[in-house]
Amino acid sequence: MNKKPFVTKSQVEEIVKTYPTPFHIYDEKAIRANAQAVKEAFAWNKGFREYFAVKATPNPFLIDILREYGCGCDCSSKTELMLSEALGVPGEFVMFSSNDTPAEEFAYANKMGAIINLDDFTHIDFLEKTIGKLPETLSCRYNPGGVFKMSNGIMDNPGDAKYGFTTEQLFEGYKIMKEKGVKNFGLHAFLASNTVTNEYYPMLAKQLFEVAVKLHEETGADIKFINLSGGVGIPYKPDQEPNDIRAIGEGVRKVYEEILVPAGMGDVAIYTEMGRFMMGPYGALVTKAIHEKHTHKEYIGVDACAVNLMRPAMYGAYHHITVLGKEDAVCDHKYDVTGSLCENNDKFAVDRMLPEIEMGDYLVIHDTGAHGFAMGYNYNGKLKSAELLLKEDGSVQLIRRAETPKDYFATFDQFDFYKNLKF
Ligand SMILES: *Cc1c(COP(=O)(O)O)cnc(C)c1O
């Protein structure tokens with residue numbers, strides 16, 4: 001498949017007159033179409049709700065768009081809870097799926113009426129001590145251990161992951177929670193990340209549904225929802241076949257009919273916490289070629305760096321690159337595309353075949369809409385970029401301004417920082 005950027009060279013040339021590179025830009029039209037498709041794919045389930053994983057793209061303008069399609073927020077920290085609150089998201093639309101959770105964050109989530117998804121058996125006690133009495137609704141994260149296998153091999157390694165209750169802890173935990181007055185139970189698991197196959201959710205659902213039936217039978221717990229969490233992936237590489245959310249929804253429906261309905265659990269709500277699938281393909285990092293270097297390899301230096309997009313440096317992740325205006329040119333040059341950090345892993349691409357790049361060319365780094373800007377940091381004193389929204393009518397809205405040096409220095413409260421420094 002030919003991966004085409006959602007902005008053209010002439011659009012970018014217009015945008016940079018107001019917002020210089022680098023910046024992340026998001027495609028409103030495509031975000032909406034995808035959110036609508038997710039909603040329709042699970043419409044068979046009356047209680048279905050997608051809790052968007054805020055950590056993927058913590059921008060209120062973008063989350064507000066998803067809210068129109070019935071989405072809630074999945075939060076992993078206090079500031080993410082606060083962001084949901086700032087958006088006016090009601091408590092039952094907020095999932096708090098956190099781990100190694102500070103007491104203060106549990107208290108905050110409880111106070112705002114968020115649904116708490118416990119990561120560990122000992123957190124039952126910890127939560128009770130923190131807030132006095134367990135809430136009426138409580139969920140547990142399950143980790144069956146071992147490896148998560150599908151027809152095309154091992155997908156991930158839950159046995160090596162820090163998250164969740166073991167099977168025994170889950171059954172024991174449900175009994176204790178029930179004794180302590182919990183009335184509405186949830187079950188959650190996240191067993192494989194960035195799965196590019198329509199099989200993942202249905203396979204995970206089958207495993208969770210079977211456990212849910214047993215939990216219900218053995219403990220009498222009233223299971224209200226099963227949360228398939230995140231992990232639905234996107235095709236970062238051009239030769240990958242994208243997931244079909246309708247096929248995924250239909251696959252989950254089949255196992256629901258097979259396992260939950262016959263057990264008298266046909267009223268269980270299905271929840272999801274997708275991040276990557278909701279936003280990943282609909283964001284891009286736009287950057288400009290500012291240096292070319294011919295040494296032991298051919299390098300193109302751009303004005304973005306790992307601070308703007310960490311995934312290649314952190315995981316060696318592939319992000320497709322298009323040179324704007326050269327979409328159809330032959331890729332007959334082999335480059336390392338680098339940022340400016342004093343870290344040799346600050347490379348957006350290694351040995352990538354691209355068209356010949358000239359200084360001033362704009363490069364679109366694809367699929368940065370989730371876990372892109374959000375993972376940003378400030379190493380080397382580099383500042384975070386702006387985020388822009390390409391609206392449905394073709395206009396561009398600034399949805400987060402770029403950081404300034406003042407933002408970077410803002411926490412030196414105890415030092416007279418501006419005595420010698422003049423802006
Ligand atoms: C990161 C995360 C998600 C979102 O994962 P994606 O792969 O972006 O869909 C959902 N739930 C939890 C608990 C997470 O930690």
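The values are calculated or read from the model by the stated rules, or taken from the named source; none is laboratory data. What you see is a predicted model, and the numbers here were worked out from it, not measured in a lab. FYI the Cβ positions are ideal-geometry reconstructions off the backbone, even for glycines, and counts take in every protein chain you see.
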What residue, among those in the stretch 127-184 that are acidic (Asp, Glu) and at pLDDT below 95, is surrounded by the most Cβ atoms within 10 Å (Cβ to Cβ)?
-> Asp156
Filtered residues of the stretch 38-53 (kept if touching a residue at least 60 places away in the same chain (Cβ under 8 Å), assigned to a helix (DSSP H, G or I) and either over 19 Å from Pro202 (Cβ atoms) or touching an Asp or Glu at 6+ places or on another chain (Cβ under 9 Å) (or both)) = Val38, Ala41
Gly113 meets each of (1) within 14 Å of the ligand (Cβ to nearest atom); (2) outside any helix (DSSP H, G or I); (3) touching a helix residue (DSSP H, G or I) at 6+ places or on another chain (Cβ under 8 Å) with one exception, condition (1)
Answer yes or no as to whether Glu85 is acidic (Asp, Glu), closer than 26 Å to Ser385 by Cα, away from the ligand (no atom under 15 Å from the Cβ) and touching a residue at least 40 places away in the same chain (Cβ under 8 Å).
-> no
Taking Leu204 and the conditions (1) at pLDDT 95 or above; (2) more than 19 Å from Lys254 (Cβ to Cβ); (3) within 16 Å of the ligand (Cβ to nearest atom); (4) not in a strand (DSSP E or B), which numbered condition does it fall short on, given that it satisfies the others?
-> (2)
Hey, Asn34 hits all of (1) crowded, with 19+ Cβ neighbours inside 10 Å; (2) in contact with a strand residue (DSSP E or B) (Cβ under 9 Å, 6 or more places away or on another chain); (3) not aliphatic (A, V, I, L, M) but one; which does it fall short on?
-> (2)
Would you mention how many residues in the stretch 257-303 are among the small types (Gly, Ala, Ser), out of contact with any Lys or Arg (no Cβ under 7 Å at 6 or more places or on another chain), more than 16 Å from the ligand (Cβ to nearest atom) and within 28 Å of Asn243 (Cα to Cα)?
-> 2
So which strands (runs of 3 or more DSSP E) are wholly in the stretch 240-313 and hold at least 2 residues that are surrounded by 15 or more Cβ atoms within 10 Å (Cβ to Cβ) and in the same structural domain as Leu389 (by TED's automatic domain parsing)?
-> 283-294, 298-302
Counted residues in the stretch 116-148 being under 21 Å from the mean Cα position of the chain (by Cα) and not in a strand (DSSP E or B) come to 2
